[in-house]
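The values are calculated or read from the model by the stated rules, or taken from the named source; none is laboratory data. None of these values were measured; they are calculated from a predicted model. Note that each Cβ is placed from the backbone with ideal geometry, even for glycine, and that neighbours are counted across all protein chains shown.
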């Protein structure tokens with residue numbers, strides 16, 4: 001549930017910051033933001049050492 005919530009929050013943030021891109025993703029059936037899954041893993045789960053990703 002944690003990752004789904006983060007993807008939902010990312011979608012909501014995108015709708016606020018860049019509505020045109022959010023609409024584009026809806027039109028492309030990509031509004032679920034699943035393509036961002038790895039980004040969130042690296043950012044929040046620390047899959048790698050911080051020094052390795054900087």
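Computed values, structure above
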quantity	calculated
Test result for residue 10, modelled with pLDDT under 85, outside any loop (DSSP other than H, G, I, E, B) and touching a helix residue (DSSP H, G or I) at 6+ places or on another chain (Cβ under 7 Å)	no
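Residue by residue, here is whether (1) surrounded by 12 or more Cβ atoms within 10 Å (Cβ to Cβ); (2) modelled with pLDDT under 90; (3) within 9 Å of the chain's Cα centre (by Cα) holds:
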| site | (1), (2), (3) |
| --- | --- |
| 2 | no, yes, no |
| 22 | yes, no, no |
| 30 | yes, no, no |
| 35 | no, yes, yes |
| 38 | no, yes, yes |
| 41 | yes, yes, no |
| 46 | no, yes, no |
| 51 | no, yes, no |
| 54 | no, yes, no |
